[in-house]
Amino acid sequence: MFFIDVAKIVDDEWPKVAALLDEAETARAARFAFESDRLAYVAAHALLRASLSGRAKGIAPAAWRFGVTSHGKPFLLSPLTGLDVSLSHTRGMAAVAIASGRDVGVDVESFLRPRDALKVAERFFAPEEAAIVRAQSDPQSQSEVFFAIWTLKEAVLKADGRGLAGGLDSFVVNLSPLAVSSDSGDSYGVEQWRRAGFFIAAAARGDDVNFRLRETHAAALIEAADSFEA
């Protein structure tokens, strides 16, 4: 698990960070209407490439090729390493998850942005989860609990591979202790962190799951690319 605080990337670092993306990613980034969304996208994809190269020694960040499933989950086309990947980005933050031999998902969201948390929870969450949001004493607390649940559910659905098509109310997440329960019998390990106004959540298929979250900076991304050009 890796994350990068987009606000910490300074102006003269952005061209070098963006250079890690391939042609298709660069074209996709250019289509974002808002600069903050574009920068988060660039940071996430650069982070994924550099993190993969840190995991699979000897493979340059530019060498990775990705496909996307019909539900939007990215996967490695080449080199074939047996690694599963997931990435998430929102304005100000990006995160990636990499796992060997198991499905993995990650989601990141700001819990400071305004949202009608209770209304959305009552419409899309399982009844038990909506009740937790409803029980909070003020709108800010409702928003924080809402995004705590939302990011965990998104991470599970990304690991599952179906994304939101899998149904936010098709399983229940528990916040204390962190756990997932589902009538389908699928088992997921989950973890969650708070960083600078954001929730970062991860999920992986199976029970014996251990996550480690590391912060990465732009200098490390640039160094990863430069090491293959020397």
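The values are calculated or read from the model by the stated rules, or taken from the named source; none is laboratory data. Quick caveat: nothing in here was measured; it's all calculated off a predicted structure. All Cβ positions, glycine included, derive from the backbone under ideal geometry; neighbour counts span all protein chains shown.
Of the residues ARG49, ARG38, ARG28, which single one is in a helix (DSSP H, G or I), modelled with pLDDT of 95 or more and closer than 14 Å to LEU221 by Cα?
Sole residue among the options that is in a helix (DSSP H, G or I), modelled with pLDDT of 95 or more and closer than 14 Å to LEU221 by Cα: ARG49.
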Here is a list of conditions, (1) acidic (Asp, Glu); (2) within 16 Å of the chain's Cα centre (by Cα); (3) surrounded by 15 or more Cβ atoms within 10 Å (Cβ to Cβ), and GLU215 meets all of them except one; can you say which number that is? (3)
What pairs can you find where one residue is in the stretch 7-29 and within 22 Å of TRP64 (Cα to Cα), the other is assigned to a loop (DSSP other than H, G, I, E, B) and at pLDDT 95 or above, and their Cβ atoms are less than 7 Å apart, with a gap of 6+ or different chains? VAL17/ILE9; ALA29/LEU21
Go through (1) touching a helix residue (DSSP H, G or I) at 6+ places or on another chain (Cβ under 9 Å); (2) without any contact (Cβ under 8 Å) to a residue 12 or more places away in the chain; (3) part of a helix (DSSP H, G or I); (4) not hydroxyl-bearing (Ser, Thr, Tyr) for GLN140 and report which single condition fails. (1)
Quick one: in the stretch 24-50, which of the residues that are of a type in the set (Phe, Trp, Tyr) and surrounded by 13 or more Cβ atoms within 10 Å (Cβ to Cβ) is nearest to ALA94 (Cα to Cα)? TYR41
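Among the residues of the stretch 178-190, which ones are surrounded by fewer than 20 Cβ atoms within 10 Å (Cβ to Cβ) and either free of Cβ contacts under 8 Å to residues at least 24 places away in the same chain or assigned to a helix (DSSP H, G or I) (or both)?
Here is the first cut: in the stretch 178-190, the ones surrounded by fewer than 20 Cβ atoms within 10 Å (Cβ to Cβ) are 178-187.
Those that are surrounded by fewer than 20 Cβ atoms within 10 Å (Cβ to Cβ) and either free of Cβ contacts under 8 Å to residues at least 24 places away in the same chain or assigned to a helix (DSSP H, G or I) (or both): ALA179, SER181, SER182, ASP183, SER184, GLY185, SER187.
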Given (1) over 24 Å from ARG212 (Cα atoms); (2) surrounded by 15 or more Cβ atoms within 10 Å (Cβ to Cβ); (3) among the aliphatic types (A, V, I, L, M), identify the lone condition not met by ALA56. (1)
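Return the only residue of LEU157, LEU87, LEU175, LEU152 being within 22 Å of PHE211 (Cα to Cα), loosely packed, with under 15 Cβ neighbours inside 10 Å, in contact (Cβ under 8 Å) with a residue 40 or more places away in the chain and not polar (S, T, N, Q).
LEU175 is the lone residue from the list that is within 22 Å of PHE211 (Cα to Cα), loosely packed, with under 15 Cβ neighbours inside 10 Å, in contact (Cβ under 8 Å) with a residue 40 or more places away in the chain and not polar (S, T, N, Q).
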So which residues in the stretch 101-125 are of a type in the set (D, E, K, R) and either closer than 17 Å to LEU213 by Cα or part of a loop (DSSP other than H, G, I, E, B) (or both)? ARG102, ASP103, ASP107, GLU109, ARG113, ARG115, ASP116
Between a residue in the stretch 57-80 that is within 18 Å of ALA44 (Cα to Cα) and any residue that is in a helix (DSSP H, G or I), which pairs come within a Cβ distance under 6 Å, given they are 6 or more apart or on different chains? PRO61/ARG49; PRO61/ALA50; PRO61/SER53; PRO61/ALA224; PRO61/ALA225; TRP64/ARG49; TRP64/LEU52; GLY72/GLY163
Being surrounded by fewer than 13 Cβ atoms within 10 Å (Cβ to Cβ) and either out of contact with any strand residue (DSSP E or B) (no Cβ under 9 Å at 6 or more places or on another chain) or outside any loop (DSSP other than H, G, I, E, B) (or both) narrows it down to one residue among LEU21, LEU80; which is it? LEU80
Conditions first: (1) assigned to a helix (DSSP H, G or I); (2) out of contact with any Gly (no Cβ under 8 Å at 6 or more places or on another chain); (3) aliphatic (A, V, I, L, M). VAL156 passes all but one, so which condition is the exception? (2)
Please give the number of the condition GLY101 fails out of (1) modelled with pLDDT of 90 or more; (2) more than 17 Å from the chain's Cα centre (by Cα). (1)
Kindly indicate whether ARG134 is under 20 Å from GLY72 (Cβ atoms) and surrounded by fewer than 18 Cβ atoms within 10 Å (Cβ to Cβ). no
